[in-house]
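The structure appears below as structure tokens.
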Amino acid sequence: MTMRKIRNFYHWFLALLGSCWYGRPSRKIFVLGVTGTKGKSTVLELTNAILEAGGKKTALLSSIRRKVGRKTEENLTGNTMPGRFQIQRFLDEAVRAGAEFALIEVTSEGVLQHRHEFTDWDAAIMTNLAPEHIEHHGSFENYRAAKLKFFQYLAFSKKTKKYFFINEEDGSHHYFEEAARRTPNREIILYSRHDLVNHEVGRRYKLNSKAGRRLLGDWLLADFNLENAAAAVAFARTQNIDWPIIEKALTNFRGAPGRLEFVQKEPFAVVVDYAHTPDSLKQVYETLEPKSFKPRSRGKMICVLGSAGGGRDKWKRPEIGKIAATYCDKIVLTNEDPYDENPNEIIRQIENGFLEATVPKCGPEDHFRVLDRRAALKHAVSLAKKGDVVVITGKGSEAWLHLARGEKIPWNERKMAEEILRNASQPMI
């Protein structure tokens with residue numbers, strides 16, 4: 001028996017043991033899993049907000065936090081989808097607390113370790129799919145296959161009816177549709193950003209219009225959050241949540257921590273976002289360009305970025321550099337969880353992408369290497385002038401910065417930015 005098979009059996013057995021130990025708690029609660037490359041945490045937070053607005057009791061497990069009823073705690077483990085009985089323990093606590101819905105973030109690595117198994121799922125949401133964790137999976141096709149395994153697993157659920165929500169704007173949607181069709185007693189719902197039109201309550205504006213977005217807050221300025229909102233709304237409608245309640249929940253929603261999170265708006269904006277893939281970085285930059293964020297502003301975009309070490313997705317480093325050079329007026333390159341890799345080598349690989357930008361916005365004099373991440377944030381703020389936008393990407397709401405030899409230090413990107421701004425005597429919102 002190979003070591004891989006031994007590991008697979010180990011994880012499978014733990015999942016089985018955990019479910020039996022806690023008495024199959026998933027059979028006593030509605031369980032929703034959200035998978036995809038981007039937007040999982042935001043979809044979960046949006047869904048939770050809508051359900052709570054509708055008077056439902058919820059529990060939530062994501063990369064951001066762990067919530068059961070009114071008790072919530074930040075996810076400090078670094079594991080989006082925890083193992084070793086943790087999911088079954090979470091479900092058991094949710095049932096004991098009287099929760100009606102358990103909302104869980106599902107990752108490809110968690111699926112490979114069988115963490116989704118021996119849970120009776122009611123519903124699955126697919127947000128989108130883009131290349132990520134390629135070194136770990138071997139190829140994009142293998143990565144997609146891991147995501148599909150979760151959809152396919154719902155066929156084994158003991159629940160009477162299963163719901164599948166699939167983003168029809170994503171290029172891989174047909175793979176997920178095919179997987180969903182193999183499950184008996186299912187309902188397949190295709191959603192898109194164009195679904196965000198409130199016909200039923202007679203509103204004249206569309207939630208995907210500029211006027212509608214501004215009514216709902218900064219978090220919906222980004223096109224990708226339209227898709228996230230559409231997923232949450234589609235799910236809520238199957239649970240008979242009325243449109244007025246949905247609209248109120250979206251209006252009161254203030255965004256997910258570390259996801260397009262404004263630390264300051266004036267005299268220049270400072271935004272923290274988790275974007276760490278080429279696709280998500282491009283979307284964030286397009287959303288926050290001064291000319292689109294503030295139509296009359298001629299300000300500059302100052303970008304703080306890096307790329308994770310530890311052999312993680314090395315292919316994306318020059319791609320990230322190319323995108324940054326295309327959109328950013330000034331670039332501050334810094335550490336982003338280098339682990340045991342040489343931080344300067346990671347940055348050099350990002351810089352290689354600068355040369356690939358067709359029409360770069362910045363020259364060599366506008367590139368800065370500041371390995372210490374706190375110092376990098378401080379330098380970016382020092383460069384900003386009225387009307388500019390400082391965009392800090394890569395960490396989002398993550399609670400640790402991972403360095404060499406297993407060292408990790410506590411980290412809170414938003415609080416760090418707030419402290420730097422206070423010391424710079426800049427007004428906060």
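For P338, indicate whether it is at negative phi, in contact with a Leu (Cβ under 6 Å, 6 or more places away or on another chain) and not assigned by TED's automatic domain parsing to the domain that holds E74. Break it down stepwise before answering.
Working: at negative phi: yes; in contact with a Leu (Cβ under 6 Å, 6 or more places away or on another chain): no; not assigned by TED's automatic domain parsing to the domain that holds E74: yes.
Judged against the criteria, P338 is not a match.
Within the range 379-429, the set of residues being touching a His at 6+ places or on another chain (Cβ under 6 Å) and farther than 16 Å from L305 by Cβ comprises K408 only.
Checking R317, R298 one by one, the residue that is more than 23 Å from F224 (Cβ to Cβ), out of contact with any His (no Cβ under 6 Å at 6 or more places or on another chain) and not polar (S, T, N, Q) is R298 and no other. Can you tell me which residue is surrounded by the most Cβ atoms within 10 Å (Cβ to Cβ) among those in the range 226-241 that are closer than 20 Å to E100 by Cβ and in contact with an Asp or Glu (Cβ under 8 Å, 6 or more places away or on another chain)? Result: V233. Can you pull out every residue in the range 245-274 that is crowded, with 22+ Cβ neighbours inside 10 Å, in a strand (DSSP E or B) and not aliphatic (A, V, I, L, M)? Passing the criteria: E261, D273. Within the range 396-429, the residues that satisfy the criterion of being at pLDDT below 95 and in contact with a Gly (Cβ under 8 Å, 6 or more places away or on another chain) are G396, S397, E398, A399, W400, H402. Quick one: would you say F140 is within 20 Å of the chain's Cα centre (by Cα) and either surrounded by fewer than 16 Cβ atoms within 10 Å (Cβ to Cβ) or over 30 Å from P278 (Cβ atoms) (or both)? For F140, the condition - within 20 Å of the chain's Cα centre (by Cα) and either surrounded by fewer than 16 Cβ atoms within 10 Å (Cβ to Cβ) or over 30 Å from P278 (Cβ atoms) (or both) - is met.
Having 3 or more residues that are of a type in the set (A, V, I, L, M, F, W, C) is the bar; report the strands (runs of 3 or more DSSP E) wholly within the range 5-107 that clear it. Step through it out loud before you land on a result.
Values: elements: 30-35, 58-61, 65-68, 71-74, 101-105.
Here the list reads 30-35, 58-61, 101-105.
The values are calculated or read from the model by the stated rules, or taken from the named source; none is laboratory data. These figures come from a predicted structure and were not determined experimentally. As a convention, Cβ positions derive from the backbone with ideal geometry for all residues, glycine included, and neighbour counts pool all protein chains shown.
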